[in-house]
Amino acid sequence: LAQQYQSRAARVGFDWSELEPMLAKVQEELGEVRDAPDAEQRAKELGDLLFAVVNVVRWYKVDAESALRETSQRFKRRFQHIERRARETGRSLPEMTLAEMDVFWEEAKENE
């Protein structure tokens, strides 16, 4: 939806002409997330950050929804690999350290 709104605005000239200001906007929004005084304001700032990132994605002519969906599926496959490898070694995820799980994550990446 964000990409659709941004594309409509761009068609009538409400758009950045260069990438750098868009990247600066992402950095600005990230700073506002960090500086948010409370959870409610942080949620608003996170929405602004996501919207700004979608604008960068749109600038690169990538479909934001598809890109996020593909990344989510890749994460799911990799995490399932961690779960499977933990079972194979007789371990449960809660008892493993992040470093141990990361070894299995790297295995999953190598197997792709």
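The values are calculated or read from the model by the stated rules, or taken from the named source; none is laboratory data. Everything quoted here is computed from the prediction, not taken from an experiment. Glycine also receives a Cβ, built like all others from the backbone with ideal geometry; neighbour counts cover every protein chain displayed. Please note that ligands, DNA and RNA were not included when accessible areas were found on the heavy atoms of the full protein model with its side chains. Shrake-Rupley method; radii C 1.70, N 1.55, O 1.52, S 1.80 Å.
Worth a mention:
- Debye, to nearest 20: dipole size of the chain, +1 on Lys, Arg Cβ, -1 on Asp, Glu Cβ: 540
- Positive-end extreme of charge dipole, segment 24-103 - chosen from 24, 53, 72 (charges on Cβ): 72
- Over every Cα atom in the chain, the radius of gyration and the widest Cα-Cα span, Dmax, amount to 19.0, 59 Å.
- The phi torsions of segment 72-80, fed into the Karplus equation with coefficients 6.51, -1.76 and 1.60 and a -60° offset, translate into couplings of 5, 5, 5, 4, 4, 4, 5, 5, 4 Hz, rounded to whole numbers, with Gly and Pro shown as x.
- Sulfur and carbon atoms: percent of accessible area, the chain [1.4 Å]: 55
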